[in-house]
1. Count, please, the residues in the range A:201-221 that happen to be farther than 30 Å from B:Ser91 by Cα, open to solvent by less than 20 Å² (accessible area, probe 1.4 Å) and of a type in the set (A, V, I, L, M, F, W, C).
2. Would you check which residues across the range B:148-182 are buried (at least 18 other Cβ atoms within 10 Å of the Cβ) and within 14 Å of chain A (Cβ to nearest Cβ) and list them?
3. If I ask for residues that are farther than 25 Å from B:Ile77 by Cα and among the small types (Gly, Ala, Ser), which ones from the range A:164-211 would you list?
4. If you scan the range B:16-50, which residues turn out to be farther than 21 Å from B:Ile77 by Cα and out of contact with any helix residue (DSSP H, G or I) (no Cβ under 8 Å at 6 or more places or on another chain)?
5. Scan B:Gly137, B:Gly104 and give me the residue that is over 27 Å from B:Val212 (Cβ atoms), open to solvent by less than 10 Å² (accessible area, probe 1.4 Å) and not hydrophobic (A, V, I, L, M, F, W, C).
6. Pick out the one residue from A:Ile141, A:Ile156 that is away from chain B (no Cβ under 14 Å) and open to solvent by 40 Å² or more (accessible area, probe 1.4 Å).
7. Any residue at all in the range B:47-70 that's in contact (Cβ under 8 Å) with a residue 60 or more places away in the chain, within 11 Å of another protein chain (Cβ to nearest Cβ) and within 19 Å of A:Thr185 (Cβ to Cβ)?
8. Just checking, which of B:Arg20, B:Arg29, B:Arg47 is surrounded by fewer than 22 Cβ atoms within 10 Å (Cβ to Cβ), assigned to a strand (DSSP E or B) and under 23 Å from the mean Cα position of the chain (by Cα)?
Amino acid sequence: MWTTQRFPAIWLLPALLPVALMTIYPIAYALWTSMHSVLLLFPDTPFTGIDNYVRVVKSGYFLDALYNSLLFTAIAAPLVVVFGTLTALFLQRRFFGSRIVRSIVLLPWVLPGAISAVLWIWVFHPSFGVLNGTLRALGAIDGSIPWLTSPKLALISVVVAHIWTQIPFAVVLIMAALSAINSETLEAAAIDCRSPVRRFRYVIFPEIKPMFVVLLIYNALAAFTTYDLVYAMTGGGPGTATTLLSFQIWKESFSMYDFGTGSAVAFIVVAISAVMILAITRALPSDLFEGD
Amino acid sequence: MASVELKNVSKTFGRVEAVRDVSLTVHDREFVVFVGPSGCGKSTLLRMIAGLESVSSGELSIGGKPMNAVAAADRGIAMVFQSYALYPHMSVAENLGFALKMLGTDKAEIDRKVAETAATLQIEELLARRPRELSGGQRQRVAIGRAIVRKPDVFLFDEPLSNLDADLRAQMRVEMARLHRQLETTMIYVTHDQVEAMTLADRIVILDKGRVVQQGRPLDLHERPANRFVAGFLGQPKMNFLPAVAERVGDAIAFRLAADRQPLFSTREGLRLAPGGTAEIGVRPNAISLVADKGIAAEIVLVERLGGTSLLYLKVDGLRQLLTVELQGKPAATIGSSVRFRFDPADAHVFDGQGRSCRL
């Protein structure tokens, strides 16, 4: 009678209940909110249909924020994965002090987002920042570059900080994938092919490709939904230069106290994220999603 | 076609000396087997020839050209690994053709060579499959095919059959021998399986603790082991060793069991042994016979009947090790019964206190 085949649903309940409570309920509640007028100062929550969505799309910030978010994602996600892979390949080698270097590479991971943001604010500080200081010392610039307050540079500066915080995770996962490759397979490749670049392309990359794709998806989502660095470093400015769509979720909800509109932005972010996941898995088919 | 020459080659990993001062020549088209217990340095030696390990000191040349600083891919070698090391995401055909593709061979030529190799190894029907869809034996064939297709000067095999079950191993052993005759290429083969070594090798090189202990034709090594290690390593079931003392009696040397001074045999053959010294007498299990009287007394402890032959394990007074006797057919023998055994002095190997053969 204790067989899992007779009442499979019952056996799944202990696992499904927390999922339902933690994931499905909040999502459903957010969806409900996005279709009602939920304002902190008004106790009534009348149904408004897609009005919130329309308001978001027609708002002054929407196109800028969408453009910024897509640009942010398009730069950050591939660079994180590429730099992560290069770092992992480098750290695979054993050299004097390699263990210490491995630990150091992981450091950005342990720092909370807000701390990283403060760190980078100081790096980019126009007068006292290490970046301007170094450039001045090298004689590359005379004055100071306003990294975080120039509309042209602010987004790039935040992207750099974001990449820095995300690389360690990519390094760890790619290193795990690399170490799962049979060492004799790599040796066979060394006998078959002289060029390390071609060995990477034909033997190593196909082996780590599933991990590569997973990381790309993860980082696309992380970049598209990031908000903490922007919040702490630029507050979305100057103007709308670093206003990201995900940042607007926070702004609408907790700055304007318009939870209905905030939820609508959130669902637009979710919809675009879903399209991105599909696009990446289509563009880079890998065994992971074939299910053989 | 090429010879492989090693001159005073050593390999150290940190403080560990894996290979010590090995000098060795593998002749063109020769099949040489490196054999020894695990950790003896045989695989390291092979990997140094392949270029997968650097040479710490000494000279390595292939086909007369110095190879110490040459990359693995440029040495003209091909290697078959214990784990087969096939490229998991490539089909069998792609695995076979990979090295050629990397060399820039044109597509039609690759296809022709892959087809030819597949025919040689009878794996034509597997060409479209991935390695994970193959059995162990099939993977092994593909791994060998991948080596053959490049037409290397030297084939290197690192315990290629040890992941196969006994039946398949025996079958592949026969094929390896056939392949060597067919390809007429220099082959160096590492194994810990002495049956593979005995049956495949033109020459066996026995290694222990990073050194070459003895090398020679299989039967020569079997019949004239240079020391106790080689004697104990080659031959199945293993050689028996009886601790003995030697005494000079006239112009002959008489050996007695060390434990109870029972006479073993005496010989006039020239032996390099100080009389009165201790020695060990090595006798192969099939050289011992049971006799009705005379001989040395022993008790049967265990009988293993293998069909064609039977193995008797005897307890001899004063001897810690059991004595193994291999007899033809199904002799009447019961556990616990007393027997007497003898052996022909011509079949005895005498080793001195340091384990060296005393044969002149």
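The values are calculated or read from the model by the stated rules, or taken from the named source; none is laboratory data. Given the structure is predicted, the values throughout are model-derived calculations rather than measurements. Here the Cβ is made from the backbone with ideal geometry for all residues, glycine too, and neighbour counts use every protein chain on show. Ligands, DNA and RNA are excluded from the accessible area calculation, which covers all protein heavy atoms including side chains. Shrake-Rupley method; radii C 1.70, N 1.55, O 1.52, S 1.80 Å.
1. Residues meeting the conditions: 1.
2. If the condition is that a residue be buried (at least 18 other Cβ atoms within 10 Å of the Cβ) and within 14 Å of chain A (Cβ to nearest Cβ), then B:Ile148, B:Val149, B:Arg150, B:Pro152, B:Asp153, B:Val154, B:Phe155, B:Leu156, B:Phe157, B:Asp158, B:Glu159, B:Pro160 are the ones that fit.
3. Matches in the range A:164-211: A:Ala170, A:Ala176, A:Ala177, A:Ser179, A:Ala180.
4. Selection gives B:Val16, B:Glu17, B:Arg20, B:Asp21, B:Ser38, B:Gly39, B:Cys40.
5. Matching residue, one of B:Gly137, B:Gly104: B:Gly137.
6. One residue alone meets the criteria, A:Ile156.
7. Yes, the range B:47-70 contains at least one residue that is in contact (Cβ under 8 Å) with a residue 60 or more places away in the chain, within 11 Å of another protein chain (Cβ to nearest Cβ) and within 19 Å of A:Thr185 (Cβ to Cβ).
8. Every option except B:Arg20 fails the conditions.
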